[in-house]
């Protein structure tokens, strides 16, 4: 059974949903130095407001507030109602430390004390 609502009520519900998504989300993307708000994020993509969404393809940086989360490679975008949904091929997690090219032992020394250094 399908329930249909009058257009005015449906438009009001959609506007309230978008307002709550805008208010709740701290996510944003950075495209060539310009920042755009992200409404939702899932494992393989994210969505933005269709009216303000840029036409992006390629690498973008995804932030949660000031924390750099991912560098994403966007390959597809489609409009779904009042949202523009972007899908990415990969999302590389950003690390605050440089990548190691070797396995660090659990009992490895933290620092080196030179000979003659007062302890």
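Filtered by the rule that a residue be over 21 Å from residue 59 (Cβ atoms) and either at pLDDT below 85 or surrounded by 11 or more Cβ atoms within 10 Å (Cβ to Cβ) (or both), the range 80-95 gives 81, 82, 83.
Screening the candidates 109, 54, 98 for the property of being closer than 12 Å to residue 30 by Cα and either in a loop (DSSP other than H, G, I, E, B) or modelled with pLDDT under 85 (or both) yields one hit, 54. Annotation: residue 116 fulfils all but one of (1) at pLDDT 85 or above; (2) loosely packed, with under 14 Cβ neighbours inside 10 Å; the unmet one is (1). Filtered by the rule that a residue be within 13 Å of the chain's Cα centre (by Cα) and assigned to a loop (DSSP other than H, G, I, E, B), the range 67-95 gives a lone residue, 94. Just one residue in the set 27, 39, 21 is farther than 14 Å from residue 91 by Cα and modelled with pLDDT under 85; that residue is 21.
The values are calculated or read from the model by the stated rules, or taken from the named source; none is laboratory data. Not measured: the values here are computed from a predicted model. All Cβ positions, glycine included, derive from the backbone under ideal geometry; neighbour counts span all protein chains shown.
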